[in-house]
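Enquirer: Pasting a structure here, questions to come.
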């Protein structure tokens, strides 16, 4: 363990940030916010360009003649049926984020936009921006990263690492080895910090749920630490024994609860209103996606610039941070598929699912605000973690659905921390598919401390700045991966 | 030109250079394939 320089550097780097965050939360928060705001103001155009060009590249590749290239030997066939493959893709994307932001995000955008337009228009625009943030771009970033990992692993027999495409495609030059090494390191820190951020957000969500269910005073630190401790206990055990099938079951259970919740809201809530919203948002998305892909709001003043940096830009960086993690998982379940079915499946199906999710949760939020006069916008601003629960209270069986949301959030968190500890161990040991338990445990502990540091900020914006801090450098690795993939396809495949 | 402006110019210059490197990497000849 101590003879591996990558592992040691990665552990020291993420460990140092974790300790910094726990010892002096404020200074980490200030540093992250200043650094990220400088990077965002200077490089917003580049981040949007990367996200949009990666999306274009994914769609173009699916439609090109390289679409028939198989991720594996030419005679290989997919390991999983298409239905169970698509279900597993949902599970990868249906993280705790959707539960948290389902109603909160559209309502937060609405608050900003309603100051500049009519309520109906503001609701439309808010839902559109939310769908844009969670739609094709997110999944194209995942798809291209996963494709690079899958292609070089299963067709070129290289280790499933972020550096493998670079080492394979760019062979000449002394710079390749250090850049490849650095890309593994950046992937590791982006995953660790990104996952810890998600952990903190998930803990806020579980806490908000428990507070609502038992009518407790919001924002209690003791409860937050209690949830954190329960979570640590829940994920440290599975790291010591091999429970991969158990983890898959837990993740499926979480997904099932989330799916039932969606269905319940749709059927018990104002069904026709939500369905109208869904169809409406499909139209808005399709007609606006190209413009929005290149929108950087240079002439709208500081309020809009900050809103754009805090949401869309932050999300793009967030997806890039998550891409190596989701990429490894998606690559693993996609062996034997052609590039075309891979991209169409990974990009279109989950994007459509997100659209449905926000149409229902966001639609419920707007119904509450516009028709029932509920103070949901204030709730989404002051206690974003409670929005979903306040929304559920308007429907029958609120206690049951609230408890279901808390349970799903908790299960999502446990499974994602366990999988992240596994992927981090794999990446930091040169692609070892069965990393030693002590390495997995070390990563588990680092994730927990990083999560604790982010949780101590107690503030969603601070958590997002710290995530961006870990991920921003990876914005430069993603285009390198895409170029390595495209170059190798053009050079070595002749479909 | 103040410091913030200088930093901004520097960050953008490195981004331009990076885009140049990407194009160069895509176009350059890597020599014989390493396929076994």
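Enquirer: Compute the Cα gyration tensor for region A:271-372, then decide on rounded, prolate or oblate, letting a ≥ b ≥ c be the square roots of its eigenvalues: rounded whenever a/c is under 1.5, prolate when a/b is larger than b/c in the other cases, and oblate in all that remain.
Expert: Working: a/c = 2.10, a/b = 1.28, b/c = 1.64.
Because a/c hits 1.5 or more and a/b fails to exceed b/c, region A:271-372 counts as oblate.
Enquirer: In peptide B:7-15, what is the residue-averaged number of other protein chain Cβ atoms found within 10 Å of each Cβ?
Expert: Numbers: counts 3, 4, 1, 1, 6, 4, 0, 3, 8.
Average neighbour count from other chains, rounded to a whole number: 3.
Enquirer: Is there a simple number for the mean count of other chain Cβ atoms within 10 Å of the Cβ of residues in A:469-478, and what is it?
Expert: 1
Enquirer: How would A:487, A:156 line up from fewest to most surrounding beta-carbon atoms within 10 angstrom? Each step should come with its number before you reach the end.
Expert: Numbers: A:487 19, A:156 16.
The fewest-first ordering by Cβ neighbours comes to A:156, A:487.
Enquirer: Modelled label-to-label distance, residue A:291 and residue A:394, 7 Å Cα→beta-carbon offset: nm?
Expert: Calculated label separation equals 2.8 nm.
Enquirer: Still on this structure, please answer the following. What is the average number of partner chain Cβ atoms found within 10 Å of a Cβ in B:23-29? Walk me through the numbers before you get to the answer.
Expert: Numbers: counts 1, 1, 9, 7, 2, 4, 2.
Across B:23-29, the average partner-chain Cβ count within 10 Å equals 4.
Enquirer: What nm distance separates the two modelled labels at residue A:492 and residue A:80, each placed 7 Å from Cα along Cα→Cβ?
Expert: 2.6 nm
Enquirer: For chain A, find the longest principal axis of its Cα atoms and tell me its angle to the long axis of helix A:221-240, 0 to 90°, nearest 10.
Expert: Roughly 30 degrees, rounded to the nearest 10.
Enquirer: Would region A:111-235 count as rounded, prolate or oblate if I go by the C-alpha gyration tensor, calling it rounded below 1.5 in a/c and otherwise prolate when a/b exceeds b/c, oblate otherwise?
Expert: oblate
Enquirer: Against the longest principal axis of chain A, how steep is helix A:460-471, in degrees 0 to 90 to the nearest 10, with axes from Cα atoms?
Expert: Relative to chain A, helix A:460-471 is tipped by roughly 10 degrees.
Enquirer: Further, regarding this structure: Just to compare against my own numbers: the Cα pair-distance distribution for region A:224-317, 10 Å bins, whole % per bin, please.
Expert: Bins of 10 Å from zero give 12, 19, 25, 28, 15, 1 percent of pairs.
Enquirer: Treating the angle as unsigned and between 0 and 90°, give the value, to the nearest 10°, between the Cα long axis of helix A:474-492 and the longest Cα principal axis of chain A.
Expert: 50 degrees
Enquirer: Could I ask something else about it? Mean residue ellipticity at 222 nm from the helices of chain A, using -39,500 (n - 2.57) per DSSP H segment of n ≥ 4 over the full residue count, to the nearest 500 deg cm²/dmol? Show your work: numbers first, answer last.
Expert: On the way: 21 runs with 380 residues, N = 495.
After summing the helix terms and dividing by residue count, I get -26000 deg cm²/dmol.
Enquirer: Run the quick spin-label model on residue A:252 and residue A:87: label points 7 Å from Cα toward the beta carbon, then report their separation in nm to one decimal.
Expert: Those two pseudo-labels are separated by 0.5 nm.
Enquirer: Over all alpha-carbon pairs in chain A, figure out the percentage whose distance exceeds 30 Å.
Expert: Values: 53499 of 122265 pairs.
Within chain A, distances greater than 30 Å cover 44 percent of Cα pairs.
Enquirer: Which whole-number value in Å³ per residue fits the convex hull of the alpha carbons of region A:359-495? Please list the in-between numbers first.
Expert: On the way: hull volume 28.6 nm³, N = 137.
Enclosed volume per residue, from the Cα hull, is 209 Å³.
Enquirer: Can you give the FRET efficiency to the nearest 0.05 for residue A:176 and residue A:30, using r as the Cβ-Cβ distance and R₀ = 35 Å?
Expert: Numbers: r = 37 Å, r/R0 = 1.05.
About 0.40, to the nearest 0.05.
Enquirer: Contour minus end-to-end for residue A:348 and residue A:240, with contour as 0.36 nm per residue of separation and end-to-end as the Cα-Cα distance? Spell out each step's value before the answer.
Expert: Numbers: separation 108, 0.36 × 108 = 38.88 nm, distance 3.65 nm.
Value of the extension gain: 35.2 nm.
Enquirer: How far is the Cα center of region A:1-42 from the Cα center of region A:53-94, in Å?
Expert: So the separation of the two Cα centres works out to 34 Å.
Enquirer: Mind checking the alpha-carbon convex hull of region A:48-194 and giving the volume per residue in Å³? It would help to have the intermediate numbers written out before the result.
Expert: Details: hull volume 25.1 nm³, N = 147.
Roughly 171 Å³ of hull volume per residue.
Enquirer: Over region A:5-492, what is the relative contact order in percent, taking alpha-carbon pairs closer than 8 angstrom and at least six residues apart?
Expert: On the way: 690 pairs, mean separation 189.7, N = 488.
After rounding, I find 39 percent.
Enquirer: Can you put A:372, A:432 in order of Cβ neighbours within 10 angstrom, beginning with the fewest? Mind dumping the intermediate values first?
Expert: Working: A:372 10, A:432 14.
Placing the least packed residue first, the sequence is A:372, A:432.
Enquirer: Then there's this: Most exposed first by the Cβ proxy, i.e. fewest other Cβ within 10 Å, how do A:299, A:35 rank?
Expert: Values: A:299 7, A:35 14.
In increasing order of surrounding Cβ atoms, one gets A:299, A:35.
Enquirer: With the Cα gyration tensor of region A:1-87 giving a ≥ b ≥ c as the square roots of its eigenvalues, does the rule (a/c under 1.5 for rounded; else a/b larger than b/c for prolate; else oblate) give rounded, prolate or oblate? Don't jump to the answer; show the numbers that get you there.
Expert: On the way: a/c = 2.89, a/b = 1.62, b/c = 1.79.
The shape class here is oblate.
Enquirer: Between region A:426-442 and region A:251-321, how many Å separate their Cα centres?
Expert: For region A:426-442 versus region A:251-321, the Cα centre distance is 35 Å.
Just so you know, all these numbers are worked out from the coordinates, no wet-lab data involved. It should be emphasised that the depicted structure is a prediction, and the values quoted were computed from it without experimental measurement. Please note: Cβ atoms are built from the backbone with ideal geometry, for glycine as well, and neighbour counts cover all protein chains shown.
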